[in-house]
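Chemist: Handing you this structure, nothing more for now.
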Amino acid sequence: MRIEKYRIEEHNQAGMAAQQRAFEYLSGEIKNVPEILQQLIAFQVGIPSWALGTGGTRFGRFPGGGEPRNLEEKIEDIGLIHQLNQSSGAISLHIPWDIPSNPAHIKAMAAQHGLRFDAMNSNTFQDQPGQKWSYKFGSLQHVNKDIRKQAIEHNIEVIRHGIELGSDALTVWLSDGSCFPGQLNFRHAFQNTLEGLQEIYAALPDHWKIFVEYKAAEPNFYSTTVGDWGQSLLYANKLGPKAYTLVDLGHHLPNANIEQIVALLLMEGKLGGFHFNDSKYGDDDLTVGSIKPYQLFLIFNELVEGMDARGMNHTTDLGWMIDASHNVKDPLEDLLQSVEAIMITYAQALLVDRKKLLAAQQNNDVVTAQEILQQAFRTDVRSLVAAARIQAGGALNPLALYRAEKVREHLIRERGAKTMATGL
Ligand SMILES: [Mn+2]
């Protein structure tokens with residue numbers, strides 16, 4: 001579904017007076033408005049193909065209706081989100097859920113929606129129909145060489161699909177680990193995994209990156225073979241310059257200092273990708289910014305500071321992606337909320353007075369340092385983000401327009417009330 005351009009213009013016109021008032025007030029309060037607007041317009045967040053349907057838990061799943069039934073419809077849904085917010089210009093696919101039958105057609109279709117293909121994701125956490133060997137006891141870590149080989153070949157197949165679509169990165173998240181003490185020899189599991197990743201690494205085209213994603217626990221509950229950023233960094237360092245660590249906000253033990261982790265990974269030139277979500281207890285996959293917005297701000301503050309210190313391009317030098325699940329919300333509404341939260345937080349991080357902060361740190365002026373951060377965090381930048389969005393051709397209020405246009409009702413009429421997104 002596409003929204004007619006004139007409908008976006010009408011919507012923007014209706015709210016423009018209030019938007020202008022807020023924007024003019026804010027413009028008087030902050031510096032570098034034109035530069036920040038350009039940075040916001042450039043910034044794009046990838047949407048994963050699996051976030052377009054209702055998720056669910058191990059207890060149940062309650063589909064919302066009108067979910068995309070194939071890859072084409074997934075691209076349409078992300079195209080719609082991008083049309084509304086102009087900040088979701090990338091799609092991240094999951095193999096085998098999204099194997100394109102006609103890659104040239106899929107590539108052209110994505111381009112029509114202004115989308116490029118972000119990192120490709122492999123899957124060795126499930127057994128697929130017709131698969132020879134089971135991943136019940138792991139994939140790359142497995143004691144059986146044939147099973148490791150099957151997992152390696154799957155990842156290389158994912159790279160091949162990515163090449164056809166113009167992607168340039170592979171994200172590997174392994175559910176490998178153990179559920180009970182004694183089940184696994186940790187060193188053997190690490191070595192097997194490293195050797196598998198090395199074979200996959202060797203299959204990467206020159207300009208590609210591989211992201212090694214870590215996760216503390218689940219589905220294995222005693223040990224995870226890529227369990228934290230230290231383990232991921234070990235693999236990335238041993239693999240070589242095309243290998244990076246990927247940080248997923250939900251993949252840490254409670255109260256982990258994620259902002260410190262990203263600062264150090266950036267310092268080492270080994271932060272490659274980022275998965276946004278939010279959580280209260282574990283890997284809850286909740287809407288970005290819905291539980292701990294200040295933590296998100298502190299993370300973005302380190303991202304901006306660390307990328308600037310290395311002269312990195314905020315938009316292109318890291319893979320930015322949402323990785324979340326929607327159990328009770330309309331997935332598209334949830335994604336609009338998530339991207340909005342990311343843009344707001346990015347804008348706030350751009351407001352931090354870095355010179356003053358550094359001076360306060362040098363003087364051990366703890367109070368001033370805190371004030372500088374909170375000054376930025378407490379600034380209402382919504383009109384700034386909206387101004388960037390409107391300038392880029394998007395909607396003043398994407399969520400309000402989505403509802404006014406009755407998008408979900410339209411999708412249910414088109415696709416049916418009982419559809420289930422492929423892969424979930
Ligand atoms: Mn993730």
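Chemist: Note down the relative contact order for the chain as a percent, whole number, built from C-alpha pairs under 8 angstrom at least six residues apart.
Modeler: Worked out over the chain, it gives 24 percent.
Chemist: Could you compute the net charge surrounding S290? Neighbours are other residues with a C-beta less than 14 Å from the C-beta of S290; K and R count +1, D and E count -1.
Modeler: -3
Chemist: Which residues does the label zone of E268 cover in region 220-246, counting backbone N under 17 Å from a point 7 Å along Cα→Cβ?
Modeler: Flagged as within label range: 225-246.
Chemist: So how much slack lies between E157 and D206, counting 0.36 nm per residue of separation and subtracting their Cα-Cα distance, in nm?
Modeler: Here the segment from E157 to D206 would lengthen by 16.0 nm.
Chemist: Another question, then. Taking K and R as +1 and D and E as -1, what net charge do the other residues with C-beta under 9 Å from the C-beta of H326 add up to?
Modeler: -3
Chemist: Hand me the trypsin sites (Lys or Arg not before Pro) from region 133-223 located in a DSSP loop with no more than 15 other Cβ atoms within 10 Å, in residue order please.
Modeler: Here the sparse-neighbourhood loop sites are K136.
Chemist: Which cross-chain or sequence-distant (5 or more) residues have an amide H under 5 Å from the amide H of S139, H modelled 1.01 Å from N in plane?
Modeler: For S139, the qualifying residues are D176.
Chemist: Oh, and also: Pop the C-beta distance of E4 and A108 into the FRET formula with R0 = 22 Å and round what comes out to the nearest 0.05.
Modeler: That pair, E4 with A108, gives E of 0.45.
Chemist: Please give the FRET efficiency for Q374 paired with A18, using the beta carbon to beta carbon distance and R0 = 30 Å, rounded to the nearest 0.05.
Modeler: According to the calculation, E is roughly 0.70.
Chemist: Quick check for me: using +1 on Lys/Arg Cβ and -1 on Asp/Glu Cβ, what's the dipole size of region 14-130 about its Cα centre, in debye to the nearest 20?
Modeler: Using only the charged Cβ atoms, the result is roughly 100 debye.
Chemist: Choose one of I291, L396, A376: the residue whose Cα lies farthest towards the positive end of the charge dipole of the chain (beta-carbon charges +1 Lys, Arg; -1 Asp, Glu; about the Cα centre).
Modeler: I291
Chemist: Next question. Just tell me the longest site-free run in the chain, where the sites are chymotrypsin sites (Phe, Trp or Tyr not before Pro) in a DSSP loop having at most 12 other beta-carbon atoms within 10 Å.
Modeler: Segment 60-220 is the longest.
Chemist: Applying the Karplus parametrisation 6.51 cos²θ - 1.76 cosθ + 1.60 with θ = phi - 60° to the phi angles of region 12-22, what ³J(HN,Hα) value in whole Hz is obtained for each residue in order, glycine and proline being reported as x?
Modeler: Per residue, the Karplus-derived 3J(HN,Hα) values read 5, 4, 4, x, 5, 5, 5, 4, 4, 4, 5 Hz.
Chemist: Using unit Cβ charges (K, R positive; D, E negative) and no other charged atoms, how large, in debye to the nearest 20, is the dipole of the chain about its Cα centre?
Modeler: 400
Chemist: If you take the square roots of the eigenvalues of the alpha-carbon gyration tensor of the chain and sort them as a ≥ b ≥ c, do you get rounded (a/c under 1.5), prolate (a/b over b/c) or oblate?
Modeler: oblate
Chemist: Work out the count of Lys pairs in region 267-424 where the Cα-Cα distance is under 27 Å, with the pair 8 or more places apart or on different chains.
Modeler: Lysine pairs, 8 or more places apart or on different chains, close enough: 10.
Chemist: R116's amide H: which non-local residues (gap 5+, or another chain) put their own amide H closer than 5 Å, with H modeled 1.01 Å from N in plane and none for Pro or chain starts?
Modeler: It is A90, I91, by chain and number.
Chemist: Does region 7-141 come out rounded, prolate or oblate, given a ≥ b ≥ c as the square roots of the eigenvalues of its C-alpha gyration tensor, rounded meaning a/c under 1.5 and, failing that, prolate meaning a/b above b/c?
Modeler: Cα axes put region 7-141 in the prolate bin.
Chemist: Let me ask something else about it. Can you list which of the trypsin sites (Lys or Arg not before Pro) found in region 274-379 are DSSP loop residues with at most 13 other C-beta atoms within 10 Å?
Modeler: Here the trypsin sites (Lys or Arg not before Pro) that fit, given the DSSP loop and packing criteria, are K280, R310, R378.
Chemist: Still on this structure, I have one more. Assign unit charges at the C-beta atoms only (+1 for Lys and Arg, -1 for Asp and Glu), then state the dipole size of region 161-241 relative to its Cα centre in Debye, rounded to the nearest 20.
Modeler: 260
Chemist: Next question. Could you work out the helix-only [θ] at 222 nm for the chain, with each DSSP H run of four or more residues adding -39,500 (n - 2.57) and the total divided by the number of residues, to the nearest 500 deg cm²/dmol?
Modeler: Mean residue ellipticity at 222 nm (helix-derived): -15500 deg cm²/dmol.
Chemist: If the cut-off is a Cα-Cα distance under 23 Å, which lysines reach K136, setting aside same-chain residues fewer than 8 apart in sequence?
Modeler: Candidates past the 8-residue exclusion: K145, K149, K215.
Chemist: Checking the a/c ratio against 1.5 first, then a/b against b/c, what shape does the Cα gyration tensor give for region 142-286?
Modeler: Oblate, since a/c reaches 1.5 and b/c is not below a/b.
Chemist: Continuing with the same structure: Over region 288-424, what is the relative contact order in percent, taking alpha-carbon pairs closer than 8 angstrom and at least six residues apart?
Modeler: Value for region 288-424: 25 percent.
Chemist: From the phi angles alone, apply the Karplus equation (6.51, -1.76, 1.60; θ = phi - 60°) to region 269-283 and give each ³J(HN,Hα) in whole Hz, x where the residue is Gly or Pro.
Modeler: x, 10, 8, x, x, 9, 10, 8, 5, 9, 7, 10, 10, x, 8
Chemist: Counting alpha carbon pairs within less than 8 Å and at least 6 residues apart, what relative contact order, in whole percent, applies to region 1-150?
Modeler: Here the relative contact order equals 19 percent.
Chemist: Right, another one. Less than 11 Å Cβ to Cβ from P219, Lys/Arg counted +1 and Asp/Glu -1: what total charge do the surrounding residues give?
Modeler: 0
Readers should treat all values here as calculations from the given coordinates under stated rules, not as data from a laboratory. From a predicted model like this one, the values you see are computed outputs, not experimental measurements. Here the Cβ is made from the backbone with ideal geometry for all residues, glycine too, and neighbour counts use every protein chain on show.
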